[in-house]
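The structure under discussion appears below in the form of structure tokens.
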Amino acid sequence: MERFERQFAATLGVTHAVATASGTAALHTALLVAGVRPGDEVVLPSLSFIAPANTVRYVGAWPTFVDVDPHYWQLDPSELRAFLRDDCTVRQRELHNRHTGRRVVAVMPVDILGHPCDLQGIKEIAEEYGLAIVEDATESLGALYRHRPLGQWSRLTCFSFNGNKLMTTGGGGMVVTDDPELAQRALYLTTQAKDDPLEFVHREIGYNYRLTSVQAAVGCAQLEQLPTFVAAKRRVAAEYARALGELPGIRPMREAPWATASYWMYTILVDPEHSGTDSRSLLKALAARDIQTRPLWQPLHLSPAHRESFARPCPTAGWLNQVALSLPCSTGLTEEQQRRVIAAVRDECARHRRHGETTRPAAIRPGTLAPSQ
Ligand SMILES: Cc1ncc(COP(=O)(O)O)c(C=O)c1O
């Protein structure tokens with residue numbers, strides 16, 4: 001276990017790593033370690049898999065959702081700032097959401113799809129408002145922000161080794177930090193908060209959240225392959241961008257100037273006005289050819305599970321939910337398989353354009369989808 005943690009920390013260039021049973025457990029632990037308390041609020045992007053928002057509820061706190069940016073689809077620093085400036089007020093030296101009355105204590109940037117958020121922009125705002133940062137990099141292991149690995153940018157960063165992630169231990173996660181006290185506390189909480197293991201004394205409620213040693217051994221082997229996995233993902237991404245970038249109404253995933261993406265989940269946007277089709281029709285047409293694609297998640301501000309949470313308007317997240325489609329992009333995807341996917345996408349778009357089918361116009365369009373944009 002220690003070997004996996006040591007090697008993982010060294011790979012990312014951080015001093016401490018604590019292995020957990022899942023990425024979800026890593027996030028839950030990190031929130032506890034960051035001192036988020038019941039009744040507090042944590043700011044999250046609306047466009048994400050649901051797990052980070054759920055972990056905020058696990059600690060009895062509330063997620064607050066803000067919109068993502070239309071270019072890279074990540075937590076938008078200007079939306080974070082707008083929330084803190086327009087929706088919050090300082091009372092007794094603490095920041096409160098003026099709508100809910102709750103204390104706003106932290107922000108959780110989620111680096112979605114293998115692409116980093118604008119972490120520097122978020123950090124500056126968090127510092128200005130005294131917010132803790134717990135970064136969810138579970139989808140973006142191997143990505144770089146300003147040429148440095150994710151994990152180096154926030155006080156606490158979490159990763160996942162779920163079966164669908166870039167490297168896997170079957171299931172598992174990691175909390176990384178440069179702060180020895182935070183690491184010690186994460187270790188304590190994830191191992192049942194044992195104060196005296198011999199006499200079974202526990203001062204706090206702990207969790208059985210440790211990774212197993214069998215999984216850690218798998219992790220060591222997987223970690224050696226991380227550069228190969230990232231290179232494979234980037235190759236797949238470059239080929240999709242080359243082959244689909246000029247198709248009318250199809251916009252490939254972009255890399256921000258600050259980012260070296262791992263392209264964990266390669267995603268395109270399908271403009272119903274110019275592509276001739278729309279994301280859900282294309283999904284069905286590709287499924288009929290045995291090609292599995294996926295839309296992005298229901299935006300969290302619309303999720304029934306989080307209906308009681310506060311949210312700012314999140315039109316970009318809603319729009320992306322309607323137009324985005326993730327394509328096959330596993331590290332094992334062969335060139336031949338990728339050619340088949342590309343040909344099928346081209347074919348379906350051309351067929352629909354010929355038939356003049358515009359099946360479902362996007363209801364919300366914060367950005368145009370011209371390929372040159
Ligand atoms: C953004 C995000 N956060 C957290 C998780 C949870 O990780 P795990 O499945 O390892 O619990 C996932 C994916 O599984 C995720 O995509």
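Points worth noting:
- D by Stokes-Einstein for the chain, Kirkwood Rh over Cα pairs, 20 °C, 1.002 mPa s: 100 µm²/s.
- Remark: the chain carries a charge dipole of roughly 740 debye about the Cα centre, counting +1 on each Lys and Arg Cβ and -1 on each Asp and Glu Cβ.
- DSSP beta bridges in the stretch 68-184 [antiparallel fraction, %, rounded to 5]: 65
- Accessible area per residue was computed with a 1.4 Å probe on protein heavy atoms; Lys123 scores about 60 Å².
- Top of Gly23, Gly35, Gly151 by mean-square fluctuation, Gaussian network on the chain, Cα under 10 Å: Gly35
- Most fluctuating residue given options Arg354, Arg280, Arg210, as computed from a GNM of the chain linking Cα atoms under 10 Å: Arg354
- Gaussian network model of the chain, springs between alpha carbon atoms under 10 Å - residue of Phe65, Phe200, Phe83 with greatest fluctuation: Phe200
- Annotation: Cα Rg of the stretch 222-314 relative to the compact-globule expectation 2.2 N^0.38 Å equals 1.34.
- The stretch 179-302 - percent relative contact order, Cα under 8 Å, separation 6 or more: 13
- Cross-link partners of Lys233 among lysines, defined as those whose alpha carbon lies under 16 angstrom from its own and excluding same-chain residues fewer than eight positions apart: Lys165.
- The chain, accessible surface, carbon-and-sulfur percent (1.4 angstrom probe): 50
- By the compact-protein rule of thumb, 2.2 N^0.38 Å, the alpha-carbon radius of gyration of the stretch 1-154 corresponds to a ratio of 1.02.
- Angle of helix 119-129 to the longest C-alpha principal axis of the chain, folded into 0 to 90 degrees and rounded to 10: 50°.
- If R0 equals 45 Å, the separation of the Cβ atoms of Gln120 and Ala287 corresponds to a calculated FRET efficiency of about 0.65.
- Amide N proximity, the stretch 162-178 versus Thr191 label position 7 Å along Cα-to-Cβ, cut-off under 20 Å: 172-178
- Once the Cβ-Cβ distance of His99 and Ala256 is raised to the sixth power relative to R0 = 30 Å, the FRET efficiency obtained is 0.45.
- Tilt relative to the chain, helix 213-224 - C-alpha long axis, 0 to 90 degrees, to 10: 50
- Across the stretch 295-311, computed HN-Hα scalar couplings (Karplus, 6.51 cos²θ - 1.76 cosθ + 1.60, θ = phi - 60°) run x, 6, 5, 4, x, 5, 6, 9, 6, x, 5, 10, 5, 8, 7, 7, 9 Hz from first to last residue, x flagging Gly and Pro.
- Between 0 and 90°, nearest 10: helix 77-86 axis offset from the chain longest Cα axis: 60
- R0 of 30 Å, Cβ-Cβ distance Glu127-Gln184: FRET efficiency to nearest 0.05: 0.80
- Contact order, relative form, for the chain: 19 percent (alpha carbon pairs under 8 Å, 6 or more residues apart, mean separation divided by residue count).
- Stretch gain in nm, segment Thr212-Gln298, where the contour uses 0.36 nm per residue and the Cα spacing is subtracted: 27.7 nm
- Mean projection of the Cα convex hull over all viewing directions, computed for the stretch 86-245: 13.6 nm².
- Base-10 log of normalised Debye intensity for the stretch 110-163 (one unit scatterer per alpha-carbon) at q = 0.14, 0.25, 0.29, 0.31 Å⁻¹: -0.33, -0.96, -1.21, -1.32
- Largest-first principal axis extents of the Cα set of the stretch 19-109 (Å): 38, 36, 17
- Antiparallel DSSP beta bridges within the chain, as percent of all bridges there, nearest 5: 65
- The length gained by stretching the chain between Phe200 and Arg339 to full extension, at 0.36 nm per residue less their Cα-Cα distance, is 44.1 nm.
The values are calculated or read from the model by the stated rules, or taken from the named source; none is laboratory data. What you see is a predicted model; the values in this text were computed from it and never measured. Don't worry about glycine lacking a Cβ; one is built from the backbone with ideal geometry, like all the others, and counts go over all protein chains shown. We work out accessible area using only protein heavy atoms, side chains counted, and drop any ligands, DNA or RNA first. Shrake-Rupley method; radii C 1.70, N 1.55, O 1.52, S 1.80 Å.
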